[in-house]
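The values are calculated or read from the model by the stated rules, or taken from the named source; none is laboratory data. What you see is a predicted model; the values in this text were computed from it and never measured. Because the Cβ atoms are built from the backbone with ideal geometry, glycine has one as well, and the counts that use them run over all protein chains shown.
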Amino acid sequence: MTQTATTAATAAEAKMDSKPMGYVNGQMLPKSQAGINVFDHGLLYGDGVFEGIRIYRGRIFKLEQHLDRLYECAGRIRLDLAKHVSRDEMTQIMRRCIEANELTEGYIRLVVTRGVGTLGLNPFLCPEPGVVCIADQIQLYTDEMDEQGMRVGGADRPRIPVECLDPRIKSLNYLNNILAKVEAIDAGCLECIMLNTDGRVAEGSGDNIFAVKDGELHTPPVTEGLLEGITRRFVIDTLAPMAGIPVNERNLELQEVMDADELFMTGSAAEMIAVTSSGKTEQDAHVIGSGAEGPITKALRAKFRQIVTSDNVPED
Ligand code: PMP
């Protein structure tokens with residue numbers, strides 16, 4: 001390599017290393033330096049909570065709802081977050097991250113760890129929670145999958161029961177989801193349908209689930225053991241009412257989901273995506289509805305796009 005080429009390569013590497021900039025406990029750092037203390041209980045025990053949030057047109061989609069969930073989840077793991085970081089400060093951290101990374105479209109990962117403590121479990125020996133914020137691009141599924149829908153695998157592993165660790169707590173302990181995701185990947189797909197320990201439908205490994213039957217939406221209530229997704233709420237409170245589609249939050253058997261006219265999943269990263277078949281292999285997958293994205297999913301997804309590309313991306 002010539003000297004000029006080496007310099008150019010080094011500059012490119014440096015750039016790769018510096019973006020995205022990440023906020024770590026008060027400092028905005030380049031990617032290569034954005035690390036956390038090895039005694040942080042977030043790392044040692046997955047002791048903490050987090051949010052995944054979309055940025056549309058430079059605005060933080062459903063900011064207030066994400067903050068509500070973050071502070072509530074922190075409270076449920078006995079971490080008094082407001083005592084250390086106010087909601088306004090948290091918002092400023094996110095906006096600084098968006099600015100530092102020059103993003104108008106993207107995704108924020110906001111992480112609150114228990115903080116630095118001892119090697120023992122006791123969380124109350126961690127005096128100060130850690131706050132990490134990353135803002136970057138994200139694309140979970142291909143553009144074709146957006147149009148054609150996707151196959152999901154059925155996970156054999158159930159979702160953690162509410163009485164053990166309520167999946168409503170968006171904790172840093174995501175191994176239940178990751179191992180279900182591995183089952184999906186082993187089946188050649190990217191998502192799966194997770195059941196609760198009573199054998200009814202809960203959610204995907206990282207997304208909520210909706211079935212469409214006879215023109216109505218059906219989705220399990222949060223008491224079935226699932227994360228109360230912000231996108232799920234947006235579908236229930238905004239998109240479905242706008243389209244005049246009734247929503248039923250009720251327990252769902254797997255068979256009902258398989259017999260649905262349409263099926264789709266929702267999540268901040270995934271947004272809305274049709275599920276068009278389910279099975280461990282492509283050959284013997286069960287086809288859902290027509291096998292393509294159905295008209296209701298398409299209409300709701302179009303409404304979703306319309307709102308997030310408008311001048312009024314909701315931050316409520
Ligand atoms: N369920 C799980 C397990 C999740 O991790 C997520 C977030 N990726 C969702 C559902 C969707 O939640 P939200 O719409 O708030 O992103």
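General remarks:
- Selection status of Val112, surrounded by fewer than 19 Cβ atoms within 10 Å (Cβ to Cβ) and within 16 Å of the ligand (Cβ to nearest atom): no
- When the stretch 60-75 is filtered for residues that are within 12 Å of the ligand (Cβ to nearest atom) and either out of contact with any strand residue (DSSP E or B) (no Cβ under 8 Å at 6 or more places or on another chain) or closer than 24 Å to Glu102 by Cα (or both), the ones remaining, listed by number, are Phe61, Lys62, Gln65, His66, Asp68.
- Exactly one residue out of Asp259, Asp284 is of a type in the set (Asp, Glu) and out of contact with any strand residue (DSSP E or B) (no Cβ under 9 Å at 6 or more places or on another chain): that is Asp284.
- Residues that are within 18 Å of the chain's Cα centre (by Cα) number at least 2 in the following strands (runs of 3 or more DSSP E) confined to the stretch 236-283: 262-267, 271-278.
- Failed criterion for Ala302 (all others in (1) assigned by TED's automatic domain parsing to the domain that holds Ile193; (2) in contact (Cβ under 8 Å) with a residue 12 or more places away in the chain hold): (2)
- Pair list, Cβ under 8 Å, 6 or more apart: the stretch 35-57 residue closer than 14 Å to Val111 by Cβ and within 16 Å of the ligand (Cβ to nearest atom), other residue basic (Lys, Arg) and outside any strand (DSSP E or B): Gly48/Arg114; Val49/Lys170; Phe50/Lys170; Glu51/Arg69; Glu51/Lys170; Ile53/Lys62
- Residue among Thr266, Thr238, Thr231, Thr219 that is out of contact with any strand residue (DSSP E or B) (no Cβ under 6 Å at 6 or more places or on another chain) and of a type in the set (Ser, Thr, Tyr): Thr238
- Residues that are in contact with a Gly (Cβ under 8 Å, 6 or more places away or on another chain), closer than 26 Å to Arg69 by Cβ and not hydrophobic (A, V, I, L, M, F, W, C) within the stretch 14-51 comprise Asn25, Asn37, Asp40, His41, Gly42, Gly48, listed in sequence order.
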